[in-house]
Each structure stands twice: as structure tokens, then as C-alpha cells.
Protein chains: 2
Amino acid sequence: MHKSKDLHQAGLKVTLPRLKVLNLFESSENHHLSAEDVFKMLIASGEDVSLATVYRVLSQFELSGILVRHNFEGGKSVFELNHGEHHDHIVCLQCGHLEEFFDSAIEARQKKIAAEHGFTIHDHSLYIYGDCTKESCPHKHRE
Amino acid sequence: MHKSKDLHQAGLKVTLPRLKVLNLFESSENHHLSAEDVFKMLIASGEDVSLATVYRVLSQFELSGILVRHNFEGGKSVFELNHGEHHDHIVCLQCGHLEEFFDSAIEARQKKIAAEHGFTIHDHSLYIYGDCTKESCPHKHRE
DNA sequence: TCACAAATGATAATCGTTCGCATTTGCAAA
DNA sequence: TTTGCAAATGCGAACGATTATCATTTGTGA
Ligand SMILES: [Mn+2]
Ligand SMILES: [Mn+2]
Ligand SMILES: [Zn+2]
Ligand SMILES: [Zn+2]
């Protein structure tokens, strides 16, 4: 089972809570989850974990590269599995619907800008906020 | 005095705390200030205001377009005067040094991406994080 | 199986921010 | 000018997200 292997190669002990969290991310419909999401979903499915442990595990997973953390507007961190392919996000302010994109032109410009300003680039975050056109989006259903 | 005029045309009553905050932003060396920064700087200069009022005023100023709010990593909001010219930021993770930039290529790509995904773009935030090369940056002074 | 460091759970504490409410103040009408 | 009153303030309590503390439990390697 590759789940405990993931933990091993991250240098983390294979504990029940960690397996539960990893499991959840690998099986969940929604790929972007907050600590509260994870906690509630685990509790709901009968897996009891402590909220404190959820927070700890999420941070450890981020540190070891298993998860990526995002800080969207709204103050709470959101995590997703790190599939190794960087991407950015476009978020609907009405319904929260989220889409992913990657644009090599933008990535290239960022590198250039960092260099021009004498910065060694570590990371960047780009979020586009707008209104989506999904049928289910409440935005479309307001007069 | 254009400061009270700014408040008037924003539809806000001209109160002492609001003038103090506006004043601070217009005279401060550092253009990017958190609520705590504003509060402490005002207190330090003998202007006594309530922290709650600082938060309220900052939010009102954001709403009326006098200030722009940024959500950098670290969880606290940072504000700057809205000079009408959108720009993004590159931040040093070591010393917090911050530089501004505007890149029309990136802006254009973002518009295109939003359109491709069927989004009406409202806003976006782009932060580049890295290490700067300022002499004063602690990064340079660690072995 | 054992020993022990590491991880967990429960809960208190922290941090940034907002709320509730009694008091003050800007401002416009008289 | 005074006066009336809605709007703004100050204070402290409350809040939501997250982290810290610490006694107890659990992997793991010997
Ligand atoms: Mn994603
Ligand atoms: Mn700026
Ligand atoms: Zn939507
Ligand atoms: Zn620096």
C-alpha cells in the first residue's frame, strides 16, 4: 500500500491519523480542503481524530511536500495533494467554484520580474477572483 | 485641506480618528501598513485612538476606495493608499522588504485566462516571494 | 516483547479581527 | 449659536482560525 510508503519517504511515522488524512485527500471529491473540512469529513465518516492533530498533520504534510497550502481570501488555509505540477487558481466570489490553470507566459514573466528586482524567487501565489458562469452559481440567479 | 475633502467625497463624516489615519498614510515612510502598525504609530505619536476604530476606519477606507487591502502570507491584512494604479508585489521572505511592479503582459494573460474559463474577472492578487539582495537583508548575513 | 521517542487528544492560549453597547461627536436644521 | 440626533467612537467581550501545553498513547527499532 503506497500510502504508508508516502509517509515513510516523507520521514514521518505511519500513524492512524496521518493515514486517515492522506486517505481522505486521495478519495475526496473535492480536492481543495481546509482543516475544518478534513476534520468534519473524518468525524462524519466515523473516523475520530482531534482537530489539533488535523492541523498538525496538514502542516507536516505541507512541510514534507505531500500537500500544498493555499491562502485564499477569507482567512483560512486550504490544502490539496501535491501532484508535482504547479498551478494557479481562479475562484468564483459568488459560489466559491474553483478552477485551476497554468500559464507558462505568466510563469516566465514572474521569473524575469524577480530577476530584475534582484530577488531569488522561492514561490508565488496568484489568485484570480471573479464571477463564474456555472448554471449552479447563485450569481446567475440574482435578478 | 484636501484630507477632509477626500473623506467628504467618500461619503464619510470627517472625524478625528479618520483624519489621523489618513494623515498617517500620507506622511508615513512605509506605505504598506497593518492595522497594528497604524494603531501603534498613532499611539506612539501621542494620537490616541482605539484599535477597534482603526480596524473600522481601515475597512471603510477600503470600501470607499481610499485604501487597498492586501493579504500577504502571515495572516494579517496590510493596507496602502489607492493611487489608482494597480500593481503587484514581490516580497523578501527574509527581511520583509517589499517591492512593487506592474506587468502588462501578466495582466493581459490573466484577462485571457478568466475569459477562457468563463469568468468575469473582478480582481486578482499576485505575490512573488523570494530572497532580496539588499545589503541590510539578514539573508546575506547568514553563513 | 520492550523501551522510548514521537504522536495524539483534550483543552487552554494566542492572534488578528469583529461585535455590543454606553458615551461622544460631527453636522445640519432651527 | 444652540440643539437634536444619527453616526462614530472607545472599551471590553466575543469571535474564528490556529498553535501551544502536557499528560497519555502508540509506532518502531532493538
Ligand atoms: Mn489546485
Ligand atoms: Mn503596493
Ligand atoms: Zn460561481
Ligand atoms: Zn530581504
Most mobile listed residue (B:THR133, B:THR53, B:THR120) in chain B, GNM with C-alpha springs under 10 Å: B:THR120
Helix-derived mean residue ellipticity, 222 nm - over the protein assembly as shown, DSSP H n ≥ 4, -39500 (n - 2.57), to 500: -12000 deg cm²/dmol
Label point 7 Å beyond Cα along the C-beta direction, distances from B:SER64 to other copies (nm, shortest first): 5.2
Copy-to-copy label separations for B:HIS8, where each label sits 7 Å from Cα toward Cβ, in nm and ascending: 7.5
Whether the protein assembly as shown is rounded, prolate or oblate, judged on the alpha carbon gyration tensor where a/c under 1.5 counts as rounded: prolate
Segment B:LYS76-B:SER45, length gained on full extension (0.36 nm per residue, minus Cα span): 8.9 nm
Fluctuation leader among A:LYS112, A:LYS40, A:LYS13 - chain A, Gaussian network, Cα springs under 10 angstrom: A:LYS112
Position B:GLY96, label points 7 Å along Cα→Cβ, spacing to each other copy in nm (shortest first, one decimal): 3.3
Relative contact order of the stretch A:40-143, defined on C-alpha pairs under 8 angstrom at six or more residues apart (%): 20
For chain B, size of Cβ-based charge dipole, Lys and Arg +1, Asp and Glu -1, in debye: 480
Amide H contacts under 5 Å for A:ASN82, placed H, 5+ residues apart: A:LEU67, A:VAL68
Choice from B:LEU93, B:LEU22, B:LEU58 showing the highest fluctuation, given a GNM over chain B with Cα pairs closer than 10 Å: B:LEU93
Lysine pair number, Cα distance threshold 19 Å (strictly under), the stretch A:1-130, separation 8 or more or different chains: 6
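Readers should treat all values here as calculations from the given coordinates under stated rules, not as data from a laboratory. Owing to the predicted nature of the structure, the values given are computational and were not obtained by experimental measurement. Methodologically, a virtual Cβ is constructed for each residue, glycine included, from the backbone with ideal geometry; neighbour enumeration extends over all protein chains shown.
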